[in-house]
Each structure stands twice: as C-alpha cells, then as structure tokens.
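Enquirer: Pasting a structure here, questions to come.
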C-alpha cells in the first residue's frame with residue numbers, strides 16, 4: 001500500500017512538473033483616460049513586467065500577473081502666494097504624479113501554440129494606485145517666509161477591473177535557426193480598465209500660476225500647505241494643488257516582449 005501511494009505521488013509530481021509552462025516578459029503601457037469620465041486626467045505612460053503560468057501541458061489557459069509603473073504628469077511651476085497683509089512671495093513647486101497597476105488575469109490563448117501569430121483575451125482584476133509628490137522650494141524674499149512642510153504626498157488606492165485583447169507574434173520565425181522554437185514573441189494588445197469606486201488624484205497639467213490664498217477653486221477640493229513668516233511668526237495656509245474626484249476609466253495600448261518556457 002505504501003509503495004502504491006509513493007508510486008502515485010511520484011507519478012503525479014512528475015507529470016505536473018513536466019507539464020508546467022509559462023511566460024515572462026516586459027511591456028510599455030500607454031493608458032489614455034476616457035475624457036467624458038476623467039476630463040482632468042492625462043495619458044499615463046510607463047513600464048511593466050508580467051508573468052504567466054499554465055498548469056497543464058497544451059492548455060490554452062494561463063494565470064497571469066502584471067505590474068506596471070507610469071507617470072501621467074510631471075511639472076515645475078512658479079507659484080505666487082498672497083498673505084493677509086497684502087505681501088506676496090513667489091516660489092517654485094515641483095509636481096510628479098504617477099499611476100501604478102497590479103492586475104491578476106485569466107489568459108485564454110486563441111490558436112495553436114506553434115503558429116506565427118496567436119491571439120489572446122485576458123479578463124483582469126486588481127489594484128490601481130495614484131500618487132503625487134509635491135515639493136516646495138524655499139522662497140527667498142524679504143519677509144523670510146518658509147513652508148512648514150516642504151514635501152506633501154497625495155495618494156489613493158482602489159480596486160479595478162478590465163481586460164486585454166491582443167496578439168503574440170513569433171520572433172523565432174524570422175530566424176531560420178530557431179524557426180521551430182517559438183519562444184520569443186512580440187506582444188501587442190488593447191486594454192480597458194475601470195474602477196469599482198471613485199478615485200482621488202492630482203494633475204497639475206491644468207493648474208496655472210494664480211492667486212493662492214483665496215477660496216476660488218475649479219476642482220473638487222484643494223490640497224493646502226502651511227507657511228510661516230519668520231519675522232512675525234504669522235501662519236498662512238495656501239493652496240498648492242487641486243484634487244479631482246472621479247470614476248476611473250481608461251483605454252490602453254500595450255507593446256512588449258515575452259519569453260516562453
């Protein structure tokens with residue numbers, strides 16, 4: 001009985017391990033927001049890594065994990081801040097806004113594995129994260145006004161869903177010595193991504209050098225920072241960025257390379 005169990009266990013492990021199949025690769029995502037949903041969001045361009053695993057030999061089904069890191073806005077602006085005594089200071093503010101995605105998908109291949117061009121479709125679910133770093137340069141003025149917090153970070157994270165539809169093009173077919181291997185592939189796909197809930201994000205592409213210190217705003221909310229006048233010890237709070245609160249919805253293009261093993 002023990003020998004039979006050992007034999008069955010060994011056979012199962014051998015078959016399972018010999019039939020493992022996967023992909024690893026890298027890609028460039030270009031995520032374009034749907035303006036009717038996200039009118040104040042910019043295009044996100046970045047870099048990503050992916051890994052896929054198929055538990056059974058010859059199966060068109062893969063479990064795929066993709067992570068990408070991109071930037072949708074990066075800018076430096078000279079901002080003018082007005083104080084209660086009608087004095088003002090001008091300082092440079094650096095903004096960098098990024099988007100990260102971590103997606104788990106079930107990838108279904110269309111067509112034979114040894115074809116030169118093979119299609120796929122991948123429903124996905126995962127997380128998206130927005131992050132904006134705001135760095136205020138110390139202003140040099142006669143009043144010696146300083147920001148109490150030079151660096152401010154705004155971030156939000158939430159669940160997303162979507163999918164990809166694309167093709168894999170065999171690069172080995174262009175090499176006569178490796179025409180039968182089909183291990184190296186160019187991947188081109190279109191994608192859709194949406195959020196289960198609203199997201200908060202900053203985009204300074206639409207923000208101008210304007211009067212800060214008033215209650216005027218064209219966004220859903222303001223991000224403020226506190227300044228102190230070292231001569232009078234007077235505390236001032238001023239708007240340094242505009243915060244948007246919308247649904248998340250993108251169309252995307254992904255171009256990459258995968259290695260099959």
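Enquirer: If I go through segment 25-79 residue by residue, how many of them are closer than 27 Å to residue 223 by Cα, part of a strand (DSSP E or B), without any contact (Cβ under 8 Å) to a residue 40 or more places away in the chain and within 20 Å of the chain's Cα centre (by Cα)?
Expert: 4
Enquirer: Look through segment 49-90, keep the residues that are modelled with pLDDT under 80 and in contact with a strand residue (DSSP E or B) (Cβ under 6 Å, 6 or more places away or on another chain), and return whichever of them is nearest to residue 164 (Cα to Cα).
Expert: Among those residues, the one meeting the criterion is 79.
Enquirer: Determine whether segment 170-187 contains at least one residue that is under 23 Å from the mean Cα position of the chain (by Cα), more than 29 Å from residue 76 (Cβ to Cβ) and either surrounded by fewer than 16 Cβ atoms within 10 Å (Cβ to Cβ) or at pLDDT 90 or above (or both).
Expert: Yes, segment 170-187 has at least one match.
Enquirer: So, one more: Just give me the residues in segment 16-35 being under 19 Å from residue 252 (Cβ atoms) and at pLDDT 95 or above, in sequence order.
Expert: Passing the criteria: 25, 26, 27, 28, 29, 30, 31, 32, 33, 34.
Enquirer: Now for a different question. What are the pairs with Cβ atoms under 7 angstrom where one residue, in segment 164-177, is in a helix (DSSP H, G or I) and the other, located anywhere, is surrounded by fewer than 15 Cβ atoms within 10 Å (Cβ to Cβ) and at pLDDT 80 or above? Sequence gap at least six, or different chains.
Expert: Listed by first residue and then by second, the contacts come to 172/183.
Enquirer: What's the number of the only condition in (1) within 30 Å of residue 223 (Cβ to Cβ); (2) not in a strand (DSSP E or B) that residue 89 fails to meet?
Expert: In the conditions (1) within 30 Å of residue 223 (Cβ to Cβ); (2) not in a strand (DSSP E or B), residue 89 misses (2) alone.
The values are calculated or read from the model by the stated rules, or taken from the named source; none is laboratory data. Keep in mind that what you see is a predicted model, and the values were worked out from it rather than measured. For neighbour counting, all protein chains shown are included, and Cβ atoms are generated from backbone atoms with ideal geometry for every residue, glycine included.
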